[in-house]
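Please read the structure below before turning to the comments.
The values are calculated or read from the model by the stated rules, or taken from the named source; none is laboratory data. Worth saying up front: this structure is predicted, and the values here are computed from it rather than measured. For neighbour counting, all protein chains shown are included, and Cβ atoms are generated from backbone atoms with ideal geometry for every residue, glycine included. To get the accessible areas, we keep the full protein, side chains included, count just its heavy atoms, and leave off ligands, DNA and RNA. Shrake-Rupley method; radii C 1.70, N 1.55, O 1.52, S 1.80 Å.
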Amino acid sequence: MAEVLSVTAESVARCQARAAHKVVNQVVLPGEELVLPEHDDVDGLGGAGEQQLRLNAGARPRLRVVCGPGLRRCGDRLLVTKCGRLRHKEPGGGGGGVYWVDSQQKRYVPVKGDHVIGIVIAKSGDIFKVDVGGSEPASLSYLAFEGATKRNRPNVQVGDLIYGQCVVANKDMEPEMVCIDSCGRANGMGVIGQDGLLFKVTLGLIRKLLAPDCEIVQELGKLYPLEIVFGMNGRIWVKAKTIQQTLILANVLEACEHMTTDQRRQIFARLAES
């Protein structure tokens with residue numbers, strides 16, 4: 001009986017495995033298994049079919065594939081961990097590119113390399129505890145600022161807004177963020193000004209606003225002079241000349257998620273006339 005159950009489980013798993021390039025932009029479910037072409041022939045003319053994606057050293061694939069959010073390595077398999085649409089980014093200099101799952105989740109899960117907006121909630125020795133919206137606060141060293149030394153410490157107080165980058169994001173460790181790039185420069189990161197308005201939107205809207213082909217930010221810049229900061233954790237900080245303009249910009253950004261292009265243009269035209 002045990003052998004029959006094991007054979008049945010293996011056959012079901014094989015039936016659930018789907019080719020990754022055939023399900024791009026389609027919905028995938030947690031537990032699904034992805035397979036990739038065995039050879040790097042784009043047209044698939046000289047290949048010997050498809051095989052399971054092997055990620056161990058003994059059976060290394062020819063194509064270098066980067067696994068993004070929503071995908072997890074489990075031994076020599078690649079499993080889907082989130083419900084959403086499978087996305088793929090073509091590589092720039094050869095390889096298999098990047099695969100990730102685009103999902104509409106409410107809670108932010110820190111990802112290495114993400115630029116986020118955090119709130120300082122506590123000081124613990126030489127470490128600041130920053131709330132980034134995850135399951136636990138991120139740690140930020142006082143030396144992770146441009147020009148910071150043991151004598152020249154940054155002026156960071158509890159309640160300040162911090163715009164930084166996640167450098168450590170592991171399920172077994174607390175997140176760690178910095179406010180400098182690889183060259184030691186701030187590059188726009190650090191403590192955000194006291195004025196302005198901080199509000200939260202969905203993670204899907206943030207990805208939409210940061211897309212290269214998004215016209216919303218350009219249209220807002222034509223409407224009012226503004227300063228705006230986007231965090232991948234679903235937080236937006238905006239500042240205009242007056243409080244009324246700041247509130248208008250915040251309301252427009254929140255409503256853009258469910259607007260069509262024509263509706264958005266009509267709203268911007270009315271605001272420009274007024």
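Restricted to the range 102-130, and to residues that are of a type in the set (Asp, Glu) and open to solvent by less than 50 Å² (accessible area, probe 1.4 Å), which residue is farthest from the chain's Cα centre (by Cα)?
We begin by selecting, within the range 102-130, every residue of a type in the set (Asp, Glu); these are 102, 114, 126.
Keeping just the survivors that are open to solvent by less than 50 Å² (accessible area, probe 1.4 Å) gives 102, 114.
Working: ASP102: 9, ASP114: 6 Å.
Here the residue is ASP102.
Can you confirm whether SER103 is at pLDDT below 90, polar (S, T, N, Q) and under 22 Å from GLY234 (Cα atoms)?
Yes, satisfied.
Scan GLY231, GLY184, GLY188, GLY196 and give me the residue that is touching a His at 6+ places or on another chain (Cβ under 8 Å) and under 30 Å from ILE121 (Cα atoms). Spell out the reasoning first.
Numbers: GLY184 fails: touching a His at 6+ places or on another chain (Cβ under 8 Å); GLY188 fails: touching a His at 6+ places or on another chain (Cβ under 8 Å); GLY196 fails: touching a His at 6+ places or on another chain (Cβ under 8 Å).
So the residue among GLY231, GLY184, GLY188, GLY196 that is touching a His at 6+ places or on another chain (Cβ under 8 Å) and under 30 Å from ILE121 (Cα atoms) is GLY231.
Using the structure shown, decide if CYS214 is open to solvent by less than 30 Å² (accessible area, probe 1.4 Å), among the hydrophobic types (A, V, I, L, M, F, W, C), in a loop (DSSP other than H, G, I, E, B) and modelled with pLDDT under 90.
Working: open to solvent by less than 30 Å² (accessible area, probe 1.4 Å): yes; among the hydrophobic types (A, V, I, L, M, F, W, C): yes; in a loop (DSSP other than H, G, I, E, B): yes; modelled with pLDDT under 90: yes.
So CYS214 passes the test.
Restricting attention to the range 246-274, which residues are surrounded by 14 or more Cβ atoms within 10 Å (Cβ to Cβ) and either in contact (Cβ under 8 Å) with a residue 60 or more places away in the chain or of a type in the set (S, T, N, Q) (or both)?
Selection gives THR246 alone.
Among the numbered criteria (1) among the β-branched types (Val, Ile, Thr); (2) open to solvent by 80 Å² or more (accessible area, probe 1.4 Å); (3) under 25 Å from GLN165 (Cα atoms), which single criterion is violated by ILE243?
Exception for ILE243: condition (3).
Output the number of residues of the range 222-245 satisfying the condition of being over 24 Å from the mean Cα position of the chain (by Cα) and of a type in the set (Gly, Ala, Ser).
The qualifying residues number 1.
PRO154 - would you say it is on the phi < 0 side of the Ramachandran plot and at pLDDT 85 or above?
On the way: on the phi < 0 side of the Ramachandran plot: yes; at pLDDT 85 or above: yes.
Answer is yes for this residue.
Would a scan of the range 144-164 turn up a residue that is touching a His at 6+ places or on another chain (Cβ under 9 Å) and either closer than 30 Å to ARG264 by Cβ or not acidic (Asp, Glu) (or both)?
Narrowing the range 144-164 to residues touching a His at 6+ places or on another chain (Cβ under 9 Å): 163-164.
Now narrow it down to the ones that are either closer than 30 Å to ARG264 by Cβ or not acidic (Asp, Glu) (or both): 163-164.
Yes, the range 144-164 contains at least one residue that is touching a His at 6+ places or on another chain (Cβ under 9 Å) and either closer than 30 Å to ARG264 by Cβ or not acidic (Asp, Glu) (or both).
Of the residues in the range 191-211, how many are part of a loop (DSSP other than H, G, I, E, B) and open to solvent by 60 Å² or more (accessible area, probe 1.4 Å)?
3
In the range 226-240, what count of residues is obtained for those that are closer than 26 Å to VAL111 by Cα, of a type in the set (D, E, K, R) and open to solvent by 40 Å² or more (accessible area, probe 1.4 Å)? Don't jump to the end; show me each part of the working.
From the range 226-240, those closer than 26 Å to VAL111 by Cα are 227-238; that's our starting set.
Now restrict to residues that are of a type in the set (D, E, K, R): 227, 235.
Next, only the ones that are open to solvent by 40 Å² or more (accessible area, probe 1.4 Å) stay: 227.
Total meeting the criteria: 1.
Collect the residues in the range 131-149 that are over 16 Å from the mean Cα position of the chain (by Cα), part of a loop (DSSP other than H, G, I, E, B) and within 19 Å of ALA186 (Cβ to Cβ), keeping them in residue-number order.
TYR142, LEU143, ALA144, PHE145, GLU146, GLY147, ALA148, THR149
Looking at the structure I just gave you, is ALA186 surrounded by 14 or more Cβ atoms within 10 Å (Cβ to Cβ) and either in a loop (DSSP other than H, G, I, E, B) or hydroxyl-bearing (Ser, Thr, Tyr) (or both)? Step through it out loud before you land on a result.
Values: surrounded by 14 or more Cβ atoms within 10 Å (Cβ to Cβ): yes; either in a loop (DSSP other than H, G, I, E, B) or hydroxyl-bearing (Ser, Thr, Tyr) (or both): yes.
Yes: the conditions hold for ALA186.
I'm trying to understand the selection: among the residues of the range 26-35, which are within 15 Å of GLN104 (Cβ to Cβ) and open to solvent by 40 Å² or more (accessible area, probe 1.4 Å)? Full working, then the answer.
Pass one, the range 26-35, residues within 15 Å of GLN104 (Cβ to Cβ): 27-30.
Correct list: VAL27, LEU29, PRO30.
Would you tally the residues in the range 150-183 being charged (D, E, K, R), assigned to a loop (DSSP other than H, G, I, E, B) and in contact (Cβ under 8 Å) with a residue 12 or more places away in the chain? It would help to see each step written out before you state the result.
Taking the range 150-183 first, the residues charged (D, E, K, R) are 150-151, 153, 160, 171-172, 174, 176, 181.
After this cut, where a residue has to be assigned to a loop (DSSP other than H, G, I, E, B) as well, the list is 150-151, 153, 160, 171-172, 174, 181.
Now restrict to residues that are in contact (Cβ under 8 Å) with a residue 12 or more places away in the chain: 160, 174, 181.
Here the count works out to 3.
Does the range 244-251 contain any residue that is touching a strand residue (DSSP E or B) at 6+ places or on another chain (Cβ under 6 Å), more than 20 Å from LYS208 (Cα to Cα) and among the β-branched types (Val, Ile, Thr)?
Kept after step one, since they are touching a strand residue (DSSP E or B) at 6+ places or on another chain (Cβ under 6 Å), are these residues of the range 244-251: 246, 249-250.
If we keep only those that are more than 20 Å from LYS208 (Cα to Cα) too, we end up with 246.
Narrowing further to those that are among the β-branched types (Val, Ile, Thr): 246.
Within the range 244-251, one or more residues are touching a strand residue (DSSP E or B) at 6+ places or on another chain (Cβ under 6 Å), more than 20 Å from LYS208 (Cα to Cα) and among the β-branched types (Val, Ile, Thr).
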